[in-house]
Amino acid sequence: MPDRILVTGGAGFVGSAVCLALQQTFPQAIVVAFDNLIRAGSELNLPRLQQAGVRFVRGDVRKPEDLAVVGIDPDLIVECSAEPSAQAGYGGGSPTYLVETNLFGCFHCLEIARRTKADFIFVSTSRVYPFRALNALPYRETATRFEVTGEWAAGISEIFPLQGARSLYGMTKLSAEYMVQEFADAYGFRSIVNRCGLLTGPWQMAKADQGVIALWAAAHVFGRPLKYIGFGGTGKQVRDFLHVADFCDLLLEQINHFDIFAAEPCWNVGGGLDNSLSLLETTAVCEEVTGRKIALSPDTVDRPADVRVYVSDCRKLFAQTQWRPQRNAQRTVSDIVEWLRANEALLRGILG
């Protein structure tokens, strides 16, 4: 069992949930949350971490000198730090922060693993799959969603071809995946790469380009308008989702059976077809949970690198473990709404 755990991005949405789950499961361990607090709202996680006994160190993965003072030589590193927006770098903006955080930051974490031989878990993304290839798949349109037909109807598996652009964000994560695999092989430590679909749940400080289910729930709670962007403005584009608590359950199983999961280059981790939603369907769930309707308008202009349908095919993962997602759309949205209402005064300025 790990004794000294470093979680980068540890005050973020995924990182804070991981820290809390690890500290609860391994109470004897020192768990350090490392974060630069650049994302608005991440500071709200600090009292939760402190109350659980998680140590917090403010620093930036782009700066090796910051990582040098975390205070432990970790035997487990969970790399959750990232600029998570698939729109980052488009529209004339520089990708410098994106590349330095997602790629160089991962490198700096791997340097620690090289030195300490720490087990390494990398939180990657389904955005590594090329968006043009995904959008070229045959599909049909139903009353509430687009559905892929043919060979990939069950979802996108780990063997989906990787040729083509995937977004600047996806490029940094795929490059980091390869770096993780090379470092682990070259320097003799164990690694796991999880290609996550849409992770969501309470404490997600969602924005228009990242965290769509939490964004939708917040708009319904605070009564602000939204748009169906791209693909005709119908709201029928689809993503599979995974409640962050389900992700943490899987992460704990991977830690307890590290050799099994380290034997594969990567794992698709998501909700699959059973836990997938279109924006239109998300609206219906949010209306049911909150009892509120909001103004929704179409915007037919497609954004760079957006995807019509992405659903994770997790059959390789499911063949290896009894773990399955336990929280459906109703439960997931209800958990987010309960959190929003309980913290409305704090969150209105960030999400309202």
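Just to confirm my filter: which strands (runs of 3 or more DSSP E) fall fully inside region 1-101 and include at least 2 residues that are touching a residue at least 60 places away in the same chain (Cβ under 8 Å) and under 22 Å from the mean Cα position of the chain (by Cα)?
Numbers: elements: 4-8, 30-35, 55-58, 76-79.
By residue number, 4-8, 76-79.
Exactly one condition in (1) under 20 Å from Gly235 (Cβ atoms); (2) in contact with a Lys or Arg (Cβ under 7 Å, 6 or more places away or on another chain) is false for Val285; which is it?
Unmet for Val285, out of (1) under 20 Å from Gly235 (Cβ atoms); (2) in contact with a Lys or Arg (Cβ under 7 Å, 6 or more places away or on another chain): (2).
Residues that are under 19 Å from Val14 (Cβ atoms) and not β-branched (Val, Ile, Thr): which strands (runs of 3 or more DSSP E) entirely in region 129-239 hold 1 or more of them?
Working: elements: 139-141, 146-148, 191-196, 198-200, 226-229.
Result: 191-196, 198-200.
Within region 286-309, which residues are aliphatic (A, V, I, L, M) and loosely packed, with under 15 Cβ neighbours inside 10 Å? Don't jump to the end; show me each part of the working.
Here is the first cut: in region 286-309, the residues aliphatic (A, V, I, L, M) are 289, 294-296, 301, 305, 307, 309.
Listed by number, the residues that qualify are Ala295, Val301.
Gly92 versus (1) at pLDDT below 95; (2) closer than 17 Å to Ser191 by Cα; (3) not basic (Lys, Arg): which is the lone unmet condition?
Status for Gly92: all satisfied but (2).
Here are some residues: Ile121, Ile112, Ile159. Which one is under 30 Å from Asp73 (Cβ atoms) and over 19 Å from the mean Cα position of the chain (by Cα)?
On the way: Ile121 fails: over 19 Å from the mean Cα position of the chain (by Cα); Ile159 fails: under 30 Å from Asp73 (Cβ atoms).
Going through Ile121, Ile112, Ile159 in turn, just one is under 30 Å from Asp73 (Cβ atoms) and over 19 Å from the mean Cα position of the chain (by Cα): Ile112.
Filter region 287-318 down to the residues that are of a type outside the set (Lys, Arg), under 23 Å from Glu141 (Cα atoms) and within 21 Å of the chain's Cα centre (by Cα) and list them by number.
Within region 287-318, Pro304, Ala305, Asp306, Val307, Val309, Tyr310, Val311, Ser312, Asp313 qualify.
Can you give me the number of residues within region 63-93 that are surrounded by fewer than 20 Cβ atoms within 10 Å (Cβ to Cβ) and touching a Phe, Trp or Tyr at 6+ places or on another chain (Cβ under 7 Å)?
The first filter runs over region 63-93 and keeps only residues surrounded by fewer than 20 Cβ atoms within 10 Å (Cβ to Cβ), leaving 63-66, 68-73, 75, 85, 87, 90-93.
Then drop every residue that is not touching a Phe, Trp or Tyr at 6+ places or on another chain (Cβ under 7 Å), which leaves 70, 85.
Total meeting the criteria: 2.
The values are calculated or read from the model by the stated rules, or taken from the named source; none is laboratory data. These numbers come from a predicted model, not from an experiment. Glycine also receives a Cβ, built like all others from the backbone with ideal geometry; neighbour counts cover every protein chain displayed.
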